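Structure first, then comments.
The values are calculated or read from the model by the stated rules, or taken from the named source; none is laboratory data. What you are looking at is a predicted structure, and each value in this text was computed from that prediction instead of being measured. Positions of Cβ are backbone-derived with ideal geometry, glycine not excepted, and every protein chain shown enters the neighbour counts. Only protein heavy atoms, including side chains, enter the accessible area calculation; ligands, DNA and RNA are left aside. Shrake-Rupley method; radii C 1.70, N 1.55, O 1.52, S 1.80 Å.
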Amino acid sequence: QLQLVESGGGLVQPGGSLRLSCAASGFTLDYYAIAWFRQAPGKEREEVSCISSIGGNTNYADSVKGRFTISRDNAKNTMYLQMNSLKPEDSAIYYCAAAYRGLDSYARSLCLMTTRNYAYWGQGTQVTVSS
């Protein structure tokens, strides 16, 4: 069974940091582009960041550039989102996602930032930034 499980969410004060993890089981992440999305109450799910299957190509939403860093450790079959300088508007449920990219090198080098590209999703982890 293909599964993604997030962890690391919680309550943090403004200006603080959190590191989210997403562990994959039932498949290996090597051939998958991976991404983080978030959804705040009453809002649509939005893309936060993505990283390609190969080449380390990344992309970030303007709202998190310079503060968040996405990474992956294929040996551990895990992806991460390091979040620094957190703001109250970062509060949301954060979801990790994976999209199979096949064997083509070009496809694998692409970073995907739209929800429709992703077939596999975690259950979400809550991040609350508040004093």
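Structure summary
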quantity	calculated
Ordering of 79-88, 10-19, 96-105 by burial proxy (mean other Cβ atoms within 10 Å per residue, highest first)	79-88, 96-105, 10-19
Net charge of Cβ neighbours under 11 Å - reference MET83; Lys, Arg +1; Asp, Glu -1	+3
Accessible surface, region 1-82, averaged per residue in Å² (probe 1.4 Å)	49 Å²
The chain, accessible surface, carbon-and-sulfur percent (1.4 angstrom probe)	46 percent
With eigenvalues of the C-alpha gyration tensor scaled by 5 and rooted, the chain, Å	24, 15, 13
Ranked packing of 68-78, 37-47, most packed first, by mean Cβ within 10 Å	68-78, 37-47
Pairwise centroid distance, computed over Cα atoms, of region 1-23 with region 49-103, Å	11 Å
Cβ crowding within 10 Å averaged over residues, with 123-129, 49-55, 60-66 ranked highest first	49-55, 123-129, 60-66
